[in-house]
Amino acid sequence: MKTDLFRAGQSVPHLAVIRLPIRGMSCASCVKTVEKALSQVHGVRSASVNFAAESAAVEYDPQQVTLGRLCGAVSEAGYGVVIEKKTFPVKGISCASCADRIEKTLRGLHGVIDASVNFGTREVTASYLPVVIDQQRMQEALSSIGYEMTGIEVPGDPLENQERLSEEATRELRRRWITGIVLSLPILLLHHWGLLRLNHLFALPHRAGALVQLVLCTPVQFYVGLPFYRGAWGAARHRTTNMNTLIAVGTTSAYLYSVTAVFFPGLFEVSGYTAEVYFETAAAIIVLILTGRVLEDRARGQTSEAVRKLMRLTPKTTRVFRQGKETAIPIEQVVAGDRIVVRPGERIPVDGRILEGASTVDESMLTGESLPVEKGPGDRIIGGTMNRSGSFHFMAEAVGKETVLARIVKMVREAQGSKPPIARLADRVAGVFVPSVMGISVVTFLVWFSVGPEPRLTYALLAFVAVLIIACPCALGLATPTSVMVGTGVGAGHGILIRKGAALETAEKVDTLLLDKTGTLTMGIPIVTDILPRSGLASSDLLRMAASAEKGSEHPLARAVIQEAEREGMTVPDPSDFLAASGFGVRARVEGREVIFGNERMMRDQGLDLGTVQEDLKRLSSQGKTPMILAVDREFGGILAVADTLKQEAKEAVSLLKGMGLRILMITGDRKETAEAMAGQAGIEEVLAEVLPEDKAHEVTRLQNKGLKVAMVGDGINDAPALAQADVGIAMGGGTDVAMES
């Protein structure tokens, strides 16, 4: 029964939402159990558990229920919440009222479950959710009221703390699994091969082999199988059942029967029958089910890789100007309005606008475009993008959870937390499946015990265990969420993530496919495609001199030229008098000769006539290539063209998709000529070119309004709105830093 606070028609003030990291779930019925336990807490409005993400999103009234009560409800249900409990010295405590103030301050922080001050030792013990709050935030809260919390660990991102704790849980799971395998193998060998030979070889009593099995099986049953007992007990306390119940009851029955058969064989022995033991059955079942959980844990780790990659894009520290001095501080301490300096090769820490300086910024993780963007005073920059060539100062505008990258991380996590309709159906079925199986197993026991052959108890017990264990994996309740997890995990391993579980069911209805260009159809990195020498200059000399002139540059086009020379096995001399003109090209001396290498504007600024090569420049540009001109000693020496090239498998993939009856369109922000040239190579007839990132979603909507079922394939964060709007959104890792889902 819900609290009166949530009666229809009433407003619901002061609601908070928390995402609790849950440990110990193994199947859909676990989801149902945790949701039920949380929903029954007074003050909780809604609770939605995601099995794949191992988390529960809870909407609650903090005035009616505490985080401690929510965690307690999960614990009482037989599951765990990832909680850190740490003790820290606190400076400035002088009386009991100080202790009371510190406790109230910490307990008032979102993510802190409890706080207790030991006045005698001047220490505070805090229990908190590391995925929500970190030690640095608690230290700042105490500092604001005049106390100093010391001994804290190096500040870390809450999501990284959660990842660390998840890894610890994974290690514990695998430790139990390996222990189970090591102990179970001898049990199986003894039972199926060595029992008679062991007794005969060493002249041991008849039950010696069974006693060895008992010794080996006991730790498997009660250490390796402990998570099953915890889950079953938690469910029993809430008068419900789950998959853990089936495993615990089935294996315990086999184990206790076998123990009784070892010490009191006369209870089961009848004429012509000697009581057997089934330790190998109990041990094998526990190890096999645990093997499945290890595989599921691995699949869950794969589905979270996108979030981890996104998180790694943000630097840990940055340099800010405060009180007239440049200071390195953790990224968590940056506030809006800070003046930040970024040097070449560094990632931009937060969103903002450039105050002074200029550079080229690689925004491929945001836009998918492989070429860097020129940035100068007044231009907006995005946290997580890479600064390439110059240094600049900028003012922080969006920090923490407000940055574009943080919002993308949140969106990806929420997408992973979604359930397909079939999974919601599985949750409902699992709620009645387990008790039904329990009932059937009891009826089976009674029937065999009543009318079965002798020894009736043995046959009845074996039939009882068989029903429990055969039903234990629960094809619908367990396989449905697991198949979604494994499917998305395999996709993630290949750089593809499905937007949400429901998309898997929608995919068969898709009739129109929108393909992004850069990084999706193309490699996402520029390479040299054409070398056109002039004035008697050999192709090798043209490439070598261009590579030498660019040797001091960090520009992606320069790297493409240098890498081409290296592939040809050339020795590239070091230039002298190197001078870069940002956005135009370079000038240097190579082997005593003046070399200018850049675009048309740079050549015109240097007074060079390009009339004879205009047709070549126009032709290369129409093919989607970037032509660069080389002049040696003020004379035109030739053209090198650089382009992002089509992936080898792109044309074949487009052909296969067309063969499936799909309408294929390419969508890109590139110029129409470049887009059409690339589309022609891929075998795509319809092109949507010069589409701004914010307009891609509008194009998806336009097609949907025509009654089409649209799938969108992209690779950059700029594609996220279109991926979210599409009926099915698929994001590819391609040539960018990150594979993500919308």
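Bear in mind these aren't lab numbers, they're just calculated from the coordinates by the rules spelled out. Keep in mind the model is a prediction, meaning the values are calculated, not measured. Positions of Cβ are backbone-derived with ideal geometry, glycine not excepted, and every protein chain shown enters the neighbour counts.
Numbers below:
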| read-out | value |
| --- | --- |
| Residue-span extension gain [residue 178 to residue 698] - 0.36 nm each, minus C-alpha spacing | 181.9 nm |
| Extension reserve of the residue 236-residue 355 stretch, reckoned as 0.36 nm per residue once the Cα distance is removed | 36.5 nm |
| Cα-Cα over 31 Å, subset of 375/696; 32/658; 32/709; 325/401 | 32/658; 32/709 |
| Highest-first arrangement of 508-516, 73-81, 527-535, where packing means the average Cβ count within 10 Å | 73-81, 508-516, 527-535 |
| Protection proxy ranking, peptides 209-219, 612-622, average beta carbon neighbours within 10 Å, highest first | 209-219, 612-622 |
| Of 517/651; 36/86; 36/85; 517/706, pairs whose Cα-Cα distance is over 20 Å | 36/86; 36/85; 517/706 |
| For segment 107-113, Karplus couplings with θ = phi - 60° (6.51, -1.76, 1.60), whole Hz, Gly/Pro x | 5, x, 7, 5, x, 8, 8 |
| Whole-angstrom gap from segment 583-607 to segment 641-675, using each part's C-alpha centre | 34 Å |
| Amide H contacts under 5 Å for residue 581, placed H, 5+ residues apart | 586, 587 |
| Segment 664-678 - phi-based ³J(HN,Hα) in whole Hz, Karplus 6.51/-1.76/1.60, Gly and Pro as x | 10, 10, 9, 10, 7, x, 5, 4, 4, 5, 5, 5, 5, 5, 5 |
